[in-house]
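The structure appears right after this line, and notes come after that.
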Amino acid sequence: MPQSDTAKNLIEQSDLSHVKLVGESPSIWTFQAIQTIEGYQKKQLIRVNTDIRNHFAVQREKDLLHYLNQFEDDFPRFNEIRKQGFAYLSFFDYVGKKSLKQKVKKSGTLSLKKAKQLLSNLIATLEHAHNVGFVHTQLSPENIIVGKSRFYLVGWNNAIPSLSSFESELLLGDQQYCPPERLNGEYSDAGDIYNLGCTLYFALTGKHIYRLNKVEHLFDQLYAHAFHTPRKLHSLPIFWRQLIVWMTQKDPQKRPGLAELKQWVLDESVPKSIREQSFKPNKKFPKDCLTALADSHFLYALFKKASLYESSGDSERAFNLYESCAFREYTRAENNLGLMYEKGTVIHQSYLKAMNMYHHAFKKGNPFAAYNLARLFENGLGAEQNLVQAFKLYQFSAKRGHLAAQNKLGELYREGRGVEKDVVQARFWFGMAAHYGNPVARLNIKKSLASSHG
């Protein structure tokens, strides 16, 4: 059954009527519906998430949304979350029909007054999240709802802590709105400011700041954010032009903070360095954007080049690039470098060095490194066997969506190794891993069924 049909089946709840699909993205469908509770009806927006393998992220978003509920004027109220099989249904108050992107497409660009309201609303919204150490990471016209009296930022499922981590290294899906520093695995409050600047440009012009609407290749999009200049700034009023230049500086330290943006709303002033800044227009793409980004020492690009070298059999060049990235604490490279040390690929085999690499990456939240470190503890490689520590590491990885770790967690629960035996937990983790495609977990389920009928 297609996943869209699965989502529609999941939304068939006894208290919901007049259900209508209003948006979809990979693994997430959004519906509007009328909810009836004890005879009282209210309009709800329901987000159906069919990819729930990352328990940690799901719980973190839930906690963040509950916290943000206290700022009722600035956020659509989060009302409840329901688990339906391998999916979660999140219920929000309905605050508007159209996204900013849809509104501009249908009705044209925002007036300067409305644009300033958009800026003020988003400053208030971001302030609440930033004050507790979270960044949105996906601020864009698609994630802004145009309400009756204000603009609402939605899509908090991608919010992460404002620090350098495995999560800030990931670049998944479309990157039309992506601050250049994320290519180095960094995302702070300044990243949201950059995306807000790009969004303001769209609101005032109806166009992407780098004209990326039809640019689909990931590395082309990332190259534009790293090197292109905003297009046709002269079409904007001077104070807005200066503001957008300020907010979209390539160096995050040169962007304004929320306090400075609040001041701009009052007096439209920017630093002298911004007023005097001039730059040569740049809208060209090289033939190979990945290589160009790697040559400029962006970690994401260096890591991708290393991965390509490794898959083609050029392990020595891969090792050198991984090592360069690991020296700058890029966790994905640290993990892969650990695998090379563990296997003795183009380097003297060393479990100790492998463990060191895995540990560094694990400390920054890398679930793949946690899984690899757990394997070594489980099997006593590079250190004395420690099943309790192995269990904790597998659990860390499993809760963050690592399927092999979920299967391994099921095995440890089933066998009572490193943890008290728990058949219910074993079945849960086998089921989760199998549902999302892990073949070993499926085999474990078959074995369990066979033994129960034996």
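The values are calculated or read from the model by the stated rules, or taken from the named source; none is laboratory data. Everything numeric in this text was worked out from a predicted model, so none of it was measured. Every residue, glycine among them, receives a Cβ derived from its backbone with ideal geometry; neighbour counts consider all protein chains shown.
Brief remarks follow.
- Residue check for Lys116: of a type in the set (Lys, Arg), surrounded by fewer than 19 Cβ atoms within 10 Å (Cβ to Cβ) and at pLDDT below 95: no
- Note on the stretch 5-41: among residues that are under 22 Å from the mean Cα position of the chain (by Cα) and not in a strand (DSSP E or B), the one that is modelled with the lowest pLDDT is Ala7.
- Breaking point among (1) of a type in the set (Phe, Trp, Tyr); (2) touching a Ser or Thr at 6+ places or on another chain (Cβ under 8 Å); (3) outside any loop (DSSP other than H, G, I, E, B); (4) under 26 Å from Leu112 (Cα atoms), for Tyr309: (4)
- Checked against the criteria, Glu415 counts as surrounded by fewer than 19 Cβ atoms within 10 Å (Cβ to Cβ), of a type in the set (Asp, Glu) and modelled with pLDDT of 95 or more.
- Just one residue in the set Ala115, Ala57 is within 21 Å of the chain's Cα centre (by Cα) and either more than 26 Å from His208 (Cα to Cα) or not in a strand (DSSP E or B) (or both); that residue is Ala57.
- Verdict on Pro76 being buried (at least 19 other Cβ atoms within 10 Å of the Cβ), of a type outside the set (Lys, Arg), within 25 Å of Ala129 (Cβ to Cβ) and out of contact with any Ser or Thr (no Cβ under 7 Å at 6 or more places or on another chain): yes
The rows are residues; the columns are (1) at pLDDT 95 or above; (2) in contact with a helix residue (DSSP H, G or I) (Cβ under 7 Å, 6 or more places away or on another chain); (3) closer than 23 Å to Val245 by Cα; (4) not in a loop (DSSP other than H, G, I, E, B).
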position	(1), (2), (3), (4)
Ser164	no, no, no, no
Glu167	yes, no, no, yes
Leu172	no, no, no, no
Tyr177	yes, yes, yes, no
Glu181	yes, yes, yes, yes
Glu186	yes, yes, yes, no
Gly191	yes, yes, yes, yes
Tyr194	yes, yes, yes, yes
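- Single match in Phe227, Phe202, Phe239, Phe219 (criterion: on the phi < 0 side of the Ramachandran plot and touching an Asp or Glu at 6+ places or on another chain (Cβ under 6 Å)): Phe239
- Cβ-Cβ distances below 9 Å connect the following pairs, each with a first residue in the stretch 200-213 that is in contact (Cβ under 8 Å) with a residue 40 or more places away in the chain, a second residue that is aromatic (Phe, Trp, Tyr), and a separation of six or more residues or different chains: Leu200/Trp240; Tyr201/Trp240; Leu204/Trp240.
- For the stretch 372-381, the condition of being over 30 Å from Ser164 (Cβ atoms) and over 22 Å from the mean Cα position of the chain (by Cα) holds for at least one residue.
- Test for Arg328: is it in the same structural domain as Arg241 (by TED's automatic domain parsing), touching a residue at least 12 places away in the same chain (Cβ under 8 Å) and out of contact with any Gly (no Cβ under 7 Å at 6 or more places or on another chain): no
- Filter result (buried (at least 17 other Cβ atoms within 10 Å of the Cβ) and either in a helix (DSSP H, G or I) or not small (Gly, Ala, Ser) (or both)) within the stretch 85-101: Tyr88, Leu89, Phe91, Phe92, Tyr94, Val95, Leu100, Lys101
- The stretch 119-159, residues that are among the aromatic types (Phe, Trp, Tyr) and closer than 15 Å to Arg60 by Cα: Phe134, Trp156
- From the list Gln32, Gln13, Gln70, the lone residue that is closer than 19 Å to Phe151 by Cα and surrounded by 15 or more Cβ atoms within 10 Å (Cβ to Cβ) is Gln32.
- Taking the listed residues Val95, Val48, Val104, the one that is within 25 Å of Arg400 (Cα to Cα) and not polar (S, T, N, Q) is Val48, with no other qualifying.
- Within the stretch 215-247, the residues that satisfy the criterion of being over 22 Å from the mean Cα position of the chain (by Cα) and not in a helix (DSSP H, G or I) are His228, Thr229, Pro230, Arg231, Lys232, Leu236, Pro237.
- Looking across Tyr88, Tyr67, one residue alone is touching a residue at least 40 places away in the same chain (Cβ under 8 Å), farther than 16 Å from His136 by Cβ and of a type outside the set (D, E, K, R). It is Tyr88.
- Among the residues making up the stretch 196-208, those that are over 12 Å from Ile144 (Cα atoms), in a helix (DSSP H, G or I) and not hydrophobic (A, V, I, L, M, F, W, C) are Gly197, Tyr201, Thr205.
Residues checked against (1) out of contact with any Pro (no Cβ under 6 Å at 6 or more places or on another chain); (2) outside any helix (DSSP H, G or I); (3) surrounded by 13 or more Cβ atoms within 10 Å (Cβ to Cβ):
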| residue | (1), (2), (3) |
| --- | --- |
| Ala259 | yes, no, no |
| Ile274 | yes, no, yes |
| Asn282 | yes, yes, no |
| Leu290 | yes, no, yes |
| Ala294 | yes, no, yes |
| Lys304 | yes, no, yes |
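- In the stretch 20-49, the qualifying residues are those that are touching a Lys or Arg at 6+ places or on another chain (Cβ under 8 Å) and of a type in the set (Val, Ile, Thr), and the one that is nearest to Asp93 (Cα to Cα) is Ile34.
- Any hit, the stretch 342-350, residues being surrounded by 17 or more Cβ atoms within 10 Å (Cβ to Cβ) and among the polar types (S, T, N, Q): no
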